[in-house]
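A quick write-up on the structure given underneath.
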2 protein chains.
Amino acid sequence: MIPLGGLGEFGMNCMALRWQDDIIVIDAGLMFPEEELLGVDIVVPDISYLIENRSKVKAILLTHGHEDHIGGLPWILSELNVPVYGTEFTLAYVEGKLEEHRLLDNADLIEMLPGKRFTLGPFSIMPIRVTHSLVDCVALAIHTPVGVVLHTGDFKVDLSPPDGKPFDLHAFAELGKQGVLCLLQDSTNVDRPGYTPSERAVRPRLDEIFAQTKKKLFFSCFSSSIHRIRVAMELAHKHGRKVAIIGRSLDNSTEIAQDLGYLDLPQGLIINPGQIRDQAPDKVCIMISGTQGEPMSALSRAAVNNHKFAHIDAGDTVLLSSRVIPGNEKGIYRMIDHLERRDAKVIHDDGTAGLIHVSGHGSQEELRLMINLVRPKFFIPVHGDYRHLKRHAELAAGMGIVEKVILLEDGDVLEFDKNTAVKNGKVTTGRVCIDSGGSIDVVEDVVIRDRQHLSEDGIVLPIIAINKRTGRVENTPEIVMRGFAIQDDKLVNDARNIVQKTLDNSSAEEKADYAIIKEKIRNDLKRYIQKQTSRRPLIMPVIMEI
Amino acid sequence: MIPLGGLGEFGMNCMALRWQDDIIVIDAGLMFPEEELLGVDIVVPDISYLIENRSKVKAILLTHGHEDHIGGLPWILSELNVPVYGTEFTLAYVEGKLEEHRLLDNADLIEMLPGKRFTLGPFSIMPIRVTHSLVDCVALAIHTPVGVVLHTGDFKVDLSPPDGKPFDLHAFAELGKQGVLCLLQDSTNVDRPGYTPSERAVRPRLDEIFAQTKKKLFFSCFSSSIHRIRVAMELAHKHGRKVAIIGRSLDNSTEIAQDLGYLDLPQGLIINPGQIRDQAPDKVCIMISGTQGEPMSALSRAAVNNHKFAHIDAGDTVLLSSRVIPGNEKGIYRMIDHLERRDAKVIHDDGTAGLIHVSGHGSQEELRLMINLVRPKFFIPVHGDYRHLKRHAELAAGMGIVEKVILLEDGDVLEFDKNTAVKNGKVTTGRVCIDSGGSIDVVEDVVIRDRQHLSEDGIVLPIIAINKRTGRVENTPEIVMRGFAIQDDKLVNDARNIVQKTLDNSSAEEKADYAIIKEKIRNDLKRYIQKQTSRRPLIMPVIMEI
């Protein structure tokens, strides 16, 4: 078992299972870049290991259709064209994504059905229906020559999902009875005590909001939240509001959900965005994308009155039925400020709005429930930052059920036989940064994480290349200076030496934390340049990951 | 009344009160830059209005010693040297700050005492003791020829502050009896129902943590949280732990607090950081700065094992007795992940840690209590983003006490007589960005907000200058291209036109939101350049505020 992404970070979930000359891959996700990775559109896992073992890779299996599980597919398939297995809904998302990248014609997409077992070389795979914020999600029970490896995928135990497709507790109980070698479980909400409420739990509060809204209602949720979209549309219908859908991803999701029977919409409920102005304000609900304040989203544009169809007027209500993804606070609050200036009533999940959003991931008791049902010999937390994995490992160890809890990180190789699980070495892993503009171009092995600042005092860019895998600095630092001093060879040389010295005096861990290493370079160089030139150019260390 | 900062944003609080030819200024704060302002160290309010009326400015009055109230002083005093009034503790902070900028010798610092009225031209000022996370904080009751203007400063109604200096409810009641023209009140926690707990409320849970910790205890809080520092030190003493203080700001705060009698430490409690290694792990508490994961803070460095004295070993406890300031999530979580990898036990305010932190700002009931006591004729919410001001205005209007609630923003001029308050025009306001490296240099009127990204495909920097006050674009866009195409005049000219067109098609509101305008420029330019050259250079719009 070799995790290639998602163990020690949120996003880019990807895990390889190998038995002799056969490899299967579970999920192929992307990650949205951190602030330091500005300019980069998406981040995907380094799949060198799969490419080195190209002929052995038999398939990619998808647990569900969220971007952190399928978003890396275009990039991975363009490197490694293997069959992709997923449920009907998941594949519908994948199709759209591959079509966009002109990869669909050559793709081999194979539907899997919950409860229907199939074989891939030495592996026999049983998808099991689980519940989550998205629909048609599965866990994967993978029967291997040494026992069952059970991957939960993302899940919560929702006993009343709006689509009426229940969590398959029986299948997990049955597996537990037969014996499970290893359980891999979603760590996202390990910090939350109790149970996560059902997707249906938001309905009463949303119903209230629909009832109280006097003018236009703008409803925003994650575009993949099919349950939420369904509830909103049912409520719109109940309260006599037509529904307009604004935003490409929301449009796409709604269309797929309708095609596959997850949304059964009354005739005439949906109107075109162009028809909004023909409706009385209290007769329309605008489903609009952009809960995270993304600068180009429909809602952000509407917030500054720059959307063709979405006009937010005084007294309108804007409901953000979503959570704040960490890191997006400022963008979201800025958008809310714009909305408030338009005198819209903004309802968001600030702790006072009532239950307008629920998580898609199981809380502590659901994690315990699963461990109790499955009774695995080995337990491995997946899907989380390091601190989540660690907390999850503690939770599992504290139950007295599991024989051994293993804290695995990206790149670790874990070898199983029927009785043991032993770490044995590491493979290459890492993050590949992609500028997605139209097609899928890796940012030519170059990743720049930086902040920028110019002044009349000019700018100095120390550029270093760090090997992401080894942490080694691979070049003599380059120094680019602009608008600050006539190219002065001595100054450049000295600056280069300063940076080199800073690097030499930094630990591997520091060099792996770009925020720290850049701050160190910035400080050291600043001091030197100020002393030499009495000027204060803006110093902008650039790190290229290679 | 002319707010110059802090009404419509968190930070850089600054407000002018003018009567004919006399101006007094309340607070002179800074703001920490947003992500888009990277490279900039601090942001201070544009004080053009004060400079234009230089001879009229009589004094700056400080409500308390937090950076968002005093941090702009070095910059403002270097432009405008006027007397500064503050309480003893506040002035101690100010002294350190001015000394650092070599401005102390020329500064005129005058202590004010809670309850002791003094006169400045037509104004007579009564400082009133309030409670907050910091000590020695005051509200200011300013008697003017048309009535009393009461500015709360930052406050909560803490009935059991650890320093034993109570909130002066009587003074506010007395003012209410005599009649208050206008109340300006802290909006920070207007979203929180109920009352904010006392600073003393964290003690039981912190006591538990001290009792349960077996090895070293690293205690981190905001360096200005004197109450918190006091409680931590009392607990360290109670549990037989020596205290080492690491971090310059924490050191400074502790020293001032000790000098002024806010900390009464038992002989021998404090040890030098160098003595940590001589103590048994269960006999030491390390007070360390860096709750926000700032890359160069002591705690961040300790987290990657790069601090001379702070070594975090397996089994040590790290307690973050603080909140997560929005925008800092990723840095904090990254630091926590590093700490977890060292097998430290990290306790932070994640909702499960118990009461380890309380806010310094009053919640809704405290805001209502103040309005009820003071019964002002006019009410103006201050200190908050626009949405806070608005919510606060609604809260006040809903009480049936205030005659008129006024939503004021930076730069608005509000004219009073005994019976009316009328908005009349605007003055220049805005944000001035400062690179603080050593001395105080304004980033020569140039502010660059940008994100950066380079690749083998090169880089294109469209540079525009926006007049912050008018929102007008002041230059023909400049285009810098590097590593991407041989300087091609036609391409540059066309790119310039593209950017100009994007600007022409954008509203003033969009142009004021740099995130949006940059994204638009980036998208339009990207499309054009890809079409023309089939290449995908990284496009990095640069906006200079002038």
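The values are calculated or read from the model by the stated rules, or taken from the named source; none is laboratory data. Note that this is a predicted model, so its numbers are computed, not measured. FYI the Cβ positions are ideal-geometry reconstructions off the backbone, even for glycines, and counts take in every protein chain you see.
Assess whether A:E199 counts as being surrounded by fewer than 17 Cβ atoms within 10 Å (Cβ to Cβ) and in contact (Cβ under 8 Å) with a residue 60 or more places away in the chain. Judged against the criteria, A:E199 is not a match. Of all residues in region A:59-83, those that are touching a Leu at 6+ places or on another chain (Cβ under 6 Å), surrounded by fewer than 24 Cβ atoms within 10 Å (Cβ to Cβ) and within 17 Å of A:L134 (Cβ to Cβ) total 1.
Looking at B:I23, B:I42, which is the one that is at pLDDT below 90 and either within 14 Å of chain A (Cβ to nearest Cβ) or over 15 Å from the mean Cα position of the chain (by Cα) (or both)?
None of the other options fit; the residue is B:I42.
Summed over region A:283-321, the residues that are among the polar types (S, T, N, Q) and out of contact with any strand residue (DSSP E or B) (no Cβ under 7 Å at 6 or more places or on another chain) give a count of 5.
All but one of (1) of a type in the set (A, V, I, L, M); (2) touching an Asp or Glu at 6+ places or on another chain (Cβ under 8 Å); (3) closer than 24 Å to A:N328 by Cα hold for B:A314; which doesn't? (3) is the only condition that B:A314 fails.
Okay, residues lined up against (1) among the aliphatic types (A, V, I, L, M); (2) over 27 Å from A:D168 (Cβ atoms):
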| site | (1), (2) |
| --- | --- |
| A:H101 | no, yes |
| A:E111 | no, no |
| A:F123 | no, no |
| A:L134 | yes, no |
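Looking across region B:410-438 at every residue that is touching a helix residue (DSSP H, G or I) at 6+ places or on another chain (Cβ under 6 Å) and more than 14 Å from chain A (Cβ to nearest Cβ), the one that is modelled with the lowest pLDDT is identified as B:T428.
Starting from residues that are under 19 Å from A:T131 (Cβ atoms) and either more than 19 Å from the chain's Cα centre (by Cα) or not assigned by TED's automatic domain parsing to the domain that holds A:H392 (or both), keep the ones in region A:176-196 and report whichever is surrounded by the most Cβ atoms within 10 Å (Cβ to Cβ). So the residue we want is A:L183. Under the condition of being of a type in the set (A, V, I, L, M) and buried (at least 22 other Cβ atoms within 10 Å of the Cβ), the residues counted in region B:318-331 number 3.
Would you say A:L61 is of a type outside the set (V, I, T), in contact with an Asp or Glu (Cβ under 8 Å, 6 or more places away or on another chain) and under 28 Å from A:L414 (Cα atoms)? The answer is yes for A:L61. Are any residues in region A:386-410 crowded, with 20+ Cβ neighbours inside 10 Å, under 19 Å from the mean Cα position of the chain (by Cα) and not in a helix (DSSP H, G or I), and if so, which ones? Once the filter is applied, which keeps residues that are crowded, with 20+ Cβ neighbours inside 10 Å, under 19 Å from the mean Cα position of the chain (by Cα) and not in a helix (DSSP H, G or I), region A:386-410 yields only A:D410. The residue that is modelled with the lowest pLDDT, counting only those in region A:353-383 that are within 14 Å of chain B (Cβ to nearest Cβ) and on the phi < 0 side of the Ramachandran plot, is A:A353.
Scanning region A:340-352 for residues that are in contact with a helix residue (DSSP H, G or I) (Cβ under 7 Å, 6 or more places away or on another chain) and within 8 Å of another protein chain (Cβ to nearest Cβ) yields A:E340, A:R341, A:V346. From B:L140, B:L103, which residue is over 25 Å from B:S187 (Cα atoms), touching a Ser or Thr at 6+ places or on another chain (Cβ under 7 Å) and in contact (Cβ under 8 Å) with a residue 24 or more places away in the chain? After ruling out the rest, the residue left standing is B:L103.
Taking region A:274-300 as the range and being buried (at least 17 other Cβ atoms within 10 Å of the Cβ) and out of contact with any Lys or Arg (no Cβ under 9 Å at 6 or more places or on another chain) as the test, the residues that pass are A:M287, A:I288, A:Q292, A:E294, A:S297, A:L299.
Consider A:A92 carefully, then state whether it is assigned by TED's automatic domain parsing to the domain that holds A:D385, modelled with pLDDT of 95 or more, within 24 Å of A:G121 (Cβ to Cβ) and surrounded by fewer than 24 Cβ atoms within 10 Å (Cβ to Cβ).
It is false that A:A92 is assigned by TED's automatic domain parsing to the domain that holds A:D385, modelled with pLDDT of 95 or more, within 24 Å of A:G121 (Cβ to Cβ) and surrounded by fewer than 24 Cβ atoms within 10 Å (Cβ to Cβ).
So in region B:307-335, with the set limited to residues that are of a type in the set (D, E, K, R) and within 9 Å of another protein chain (Cβ to nearest Cβ), which one is nearest to A:Y386 (Cα to Cα)? Filtering first and then ranking leaves B:R334.
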